[in-house]
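Data first, discussion second: the structure below is written as C-alpha cells.
Read-outs: derived from the displayed coordinates by stated rules, not from any lab. Just so it is clear, the model here is predicted, and its values are computed rather than measured. Quick reminder, even Gly has a Cβ in these numbers, built from the backbone with ideal geometry, and neighbours come from all protein chains shown.
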Amino acid sequence: MKDSPITLIQPDDWHLHLRSGAALRSVVGMSAAQMGRAIIMPNLTPPITNTTQALAYQTEIMAALPAGCKFEPLMTLYLTDNTTPQDIRVASGLIKAVKLYPAGTTTNSANGVTNIGAIYPALEAMQKAGMPLLVHGEVAEYEVDIFDREAVFIEKILTKIVKDFPDLKVVFEHITTKNAADFVLASSNKIAATITAHHLLANRNDMLVGGIKPHYFCLPVLKRAKPHQAALLAAATSNSGKFFLGTDSAPHAKSDKESACGCAGIFSAHCAIELYAQAFEEQDAVDKLEGFASKFGADFYNLPYNTNTITLVKREWVVPNEYPLGNSTVVPFMAGKKLGWQLKTD
Ligand code: DOR
Ligand code: ZN
C-alpha cells in the first residue's frame, strides 16, 4: 500500500568512496548505518595499488567505525599500466575486485591506465581468478565531448575487453547513458552495472539551469533527462539482476567544490537508501527496490544476502545543509531539500 513502511533485506553499496584519515572518520558511520557491506574505491592519494595497502586501508576503515557499528568494507585495487598477474594472484581471495580508471578521467585518476594493451596480462589473471573488473567507463581524450565520453568508451574500449575476455566479470560502474544500459543488457551475464541515486534523480538541467551548481558536478557527468536518465530509471526498476545499487558517494570539502575549478563528486551516503526509495517510488516500482538494493549485487559477487533488515518510513525530513568532513564540511546531495522517506533508526 502507498505510504506504508518499506522493509528490505539490509542493502549493500557496491561503489563507495570513503577517503582516509579524518574525512573517513566523518563519513563511514553514515554508510554503516544503512549498508551491510560496501565495495570501497581505491582512488586515494597515493592510490591503493597492492594487497598490502588495501588490507591496511581495510583496517583503517574498521578502526574508524563508530562503536557498535557492523559494516564490512570489501576492498579493491587500483589498476595501473604496471599491475602484474602476480599482483592479481596475491590479491585473489583477499581483495574483491580491481578498478580501471582510464588516466585523466576523474578524481585521482592520474595514475590510472594509459594503455589498455598494458593491462591485458592482469585481465587474463583476473579472468582466471574470477576477480571482477570494475570500470570507470569514460575516455579522457580532449577531442571527445564530455557528454559522449561514456558512449565512446563502450565503442573503443569496453566492447574489445568484453570480446577478448569472455569469462571476465565486469561491472560497468555508475552508468549514465542509454548506450551503457543497452550495452549491459545485450551482454552476457558476466557484465553488470551499478547505478547511482544521483543519476536516477537528477539530470544535466539540475546542474546547469539557473546557474552552475557545483554540488551536482560528478563524473561521469549528469546527462539528458531523455533518453539517458529515463533509461537508467527503466534499468534500475526492471528487476534485471544486471543492475544494482552503487552510490558513488564521494565526499569533497565544500571549498573544493565551490571553486573556480570545482572537483567532481556527489556525497550521498547520508541518505542513500532514502534517495533510491524516492526514485523507485516515482516510477511506481517500490516493489523492485529490494532486488536492486539488497540482492542483485550480492548475487553478482557470489556473496550471501545480509541477514538483517532495514525499514524506511514515510516521513518528511529536510536534508542538512552541511555535514562535518574532517576539519571542513561537505555539502550533501539534496542539501536543504525535503525527502519523503526516512530510515527508521530505533
Ligand atoms: O564524481 C566522481 N567522484 N566520480 C568519480 O569517478 C570519482 C569520484 C571521487 O573520487 O571524488
Ligand atoms: Zn566512484
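Label-to-label distance, CYS69 versus SER238, with points set 7 angstrom from Cα along the beta-carbon direction: 3.4 nm.
Between the beta carbons of THR309 and ASP164, assuming R0 = 41 Å, the FRET efficiency works out to 0.50 to the nearest 0.05.
All other residues with a Cβ under 13 Å from the Cβ of ILE9 taken together, and with Lys, Arg as +1 and Asp, Glu as -1, what is their net charge? Walk me through the intermediate numbers first.
Values: positive: ARG37, LYS295; negative: ASP12, GLU290, ASP299.
Here the charged neighbours net out to -1.
Sort CYS69, CYS263, CYS218 by Cβ crowding within 10 Å, fewest neighbours at the top. Please report the intermediate quantities before stating the final value.
Working: CYS69 13, CYS263 17, CYS218 26.
Listing CYS69, CYS263, CYS218 from fewest to most nearby Cβ atoms yields CYS69, CYS263, CYS218.
List SER187, SER109, SER31 from most exposed to least, where exposure is judged by having the fewest other Cβ atoms within 10 Å.
If I rank by nearby Cβ atoms, fewest first, I get SER187, SER109, SER31.
Among ARG19, ARG89, the ranking by other beta carbons within 10 Å of each residue's beta carbon, starting with the fewest, stands as ARG89, ARG19. Amide H contacts of HIS15 (H built 1.01 Å from N, in plane; Pro and chain starts excluded): ILE39, THR247, ASP248 sit under 5 Å, all sequence-distant by 5 or more or on other chains. Stokes-Einstein diffusion for region 198-303, with the hydrodynamic radius set to the Kirkwood value over Cα pairs and evaluated at 10 °C in a medium of 1.306 mPa s, equals 108 µm²/s.
Could you check what % of the DSSP bridge pairs in the chain are antiparallel, to the nearest 5?
On the way: 12 of 37 bridges.
Close to 30 percent.
Taking amide H as placed 1.01 Å from N in the peptide plane, the amide H of LEU325 sits under 5 Å from that of VAL330, each at least 5 places away or on another chain.
Centre-to-centre, using Cα atoms only, region 193-258 and region 100-175 are separated by 20 Å. Placing a label point 7 Å from the Cα of LEU339 along the Cα-to-Cβ direction, the residues of region 28-47 whose backbone N falls under 11 Å of that point are 31, 34. Each principal axis of the Cα atoms in region 279-346 has its own extent, and those three values, largest first, are 38, 31, 25 angstrom. The Cα atoms of region 1-105 cover 53, 30, 29 Å along the three principal axes, with the biggest extent listed first. Across the options THR7, SER31, GLY340, the greatest Cα extent toward the positive end of the charge dipole of the chain (unit charges at beta carbon of Lys, Arg, Asp, Glu) belongs to THR7. Label reach from ASN189 (point 7 Å along Cα→C-beta): in region 239-268, amide nitrogens under 20 Å belong to 239-245.
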